[in-house]
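For reference, the structure is listed below as structure tokens.
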Amino acid sequence: MTHIKNVQEVDQFVAPIGTTLDRFITQRQQEFPYAKGELSQLLRDIGLAAKIVNLAIVKSGLSGIEGLYGEQNVHGEDQQKMDVVANVRFIRALTRGEEVCAIVSEEEDGIVDTGHCDAKYIVAMDPLDGSSNIDVNTPIGTIFAIYRRKSEVGTPPTEEDVMQKGQNQVAAGYVMYGASTMLVYTTGHGVNGFTYEYSLGEFILSHPNIKTKPSGNYYACNEGYWNDYSQGVKDYLNYCHDQHYKTRYSGSMVADFHRILLKGGIFMYPSTKKDAQGKLRLLYECNPLSFVMEQAGGKAHNGIQRILEIEPKSLHQRAPLVMGSADMVDKLAEMVQKYAK
Ligand code: AHG
Ligand code: MN
Ligand code: MN
């Protein structure tokens, strides 16, 4: 009979399974001395919704939930069936979880009142980011931001609770449904990434304390809009070409962002002649990813101002967005500002 002498010997033939998302969240609760566990529970609810949406995505090619839903959302964009599925799944999980009093979603016109007046958190989310990639089996994601409400606990939530600067976020992150499914989040104490282990049904800590390099050689931008970009943005893109940086742009911000977070580089969705505020929504696309990027040591800007300092004026407001390696974001801001003088 084989005798196993030590743990190292076992690790040679058994993949090590480390910390689960649940355990990590519980351990980290100590970082919030006055927390009573609601935020931890809320993060677990997001983890659960992510697993449910992941299941729907994995099966989508077979179950017929690819394609258009037949309605448009508040932005006048055609909703995909999966946009609607993800929206419903996240709203249900967050409502049943009872830690959230209101939700803002890309797929909902107004705020969703969960009916839990006693809850102190607000969630802003893009339930499914990169919908144009659903039908072609390319990575898509969910983006979420968590805020503490401003109004008194016990009263109905208001729009003011939701209209907060990104710097007030208590936690934010994203789920990427890709070659492997990952959940990456921050509570303002660094960024950690978890990979979904299908057979166990658990997110396992795989990318602890993610740091973004100060510079990189990837850039993500839709150069199809070249003619509509400002001269400053064109100058920066020309600089990228001169440096032989590599273009990586999939149309799923979560996937493009994930590469830049891990490998360094720059992501940008600038203003265009048609859309002075770009396309990406401040509350549930720009703010959460900007918070993650800053926590990883990178930067996030609209060309003039830090994204996290923008005062929101409406639920679905947009903002031009540049984020990534600090030196690259600085360089672009410098080139853009040259023309603003
Ligand atoms: P959504 O699917 O939530 O509407 O977001 C798509 C976003 C973002 O993920 C991506 O970077 C960008 O739209 C792509 O837009 P373009 O096709 O205009 O480049
Ligand atoms: Mn999106
Ligand atoms: Mn979306």
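The values are calculated or read from the model by the stated rules, or taken from the named source; none is laboratory data. None of these values were measured; they are calculated from a predicted model. Positions of Cβ are backbone-derived with ideal geometry, glycine not excepted, and every protein chain shown enters the neighbour counts. Protein only, heavy atoms only, side chains kept; ligands, DNA and RNA dropped before computing areas. Shrake-Rupley method; radii C 1.70, N 1.55, O 1.52, S 1.80 Å.
Converting phi to 3J(HN,Hα) with the Karplus coefficients 6.51, -1.76 and 1.60 and the offset θ = phi - 60°, segment 87-104 yields 4, 5, 4, 5, 4, 5, 4, 6, 6, 5, x, 6, 9, 10, 8, 8, 10, 10 Hz in sequence order, with x at every glycine or proline. Cross-link pairs exceeding 31 Å between alpha carbons, from the set K274/K313; K234/K299; K59/K313; K263/K313; K274/K299; K211/K273: K59/K313; K263/K313; K211/K273. Straight-distance candidates among the aspartates and glutamates for linking to K246, with alpha-carbon spacing under 15 Å and chain neighbours fewer than 8 residues away dropped: E223, D256.
Report summary: the helix-based calculation at 222 nm, which adds -39500 (n - 2.57) for every DSSP H run with n ≥ 4 and divides by the residues of the chain, gives -9500 deg cm²/dmol. Taken per residue, the accessible surface of segment 18-207 reaches 43 Å², heavy atoms only and a 1.4 Å probe. Straight-line reach from K51: taking Cα to Cα under 14 Å and skipping same-chain neighbours fewer than 8 places apart, the aspartates and glutamates in range are D22, E197, E202. What trypsin sites (Lys or Arg not before Pro) does segment 266-329 have in DSSP loop regions with at most 10 other beta carbons within 10 Å? In loop regions of segment 266-329 (DSSP not H, G, I, E or B), the sparsely surrounded trypsin sites (Lys or Arg not before Pro) are K273, K274, K313.
The convex hull defined by the C-alpha atoms of segment 218-340 has an orientation-averaged projected area of 6.9 nm². Based on C-alpha pairs under 8 angstrom that are at least 6 apart in sequence, the chain has a relative contact order of 15 percent. How high is the relative contact order of segment 234-322? Use alpha-carbon pairs under 8 Å, at least six apart in sequence, and give a whole percent. Value for segment 234-322: 31 percent. GNM remark for the chain: springs join alpha carbons under 10 Å apart, and the peak mean-square fluctuation among S325, S290, S206 falls on S206.
Of the trypsin sites (Lys or Arg not before Pro) found in segment 31-112, those that fall in a DSSP loop while having at most 13 other beta-carbon atoms within 10 Å are K36. In the distance distribution for segment 18-207, Cα-Cα pairs more than 22 Å apart total 46 percent. Given in Å, the Rg to one decimal and the Dmax to the nearest whole number for the Cα atoms of the chain are 20.3, 79.
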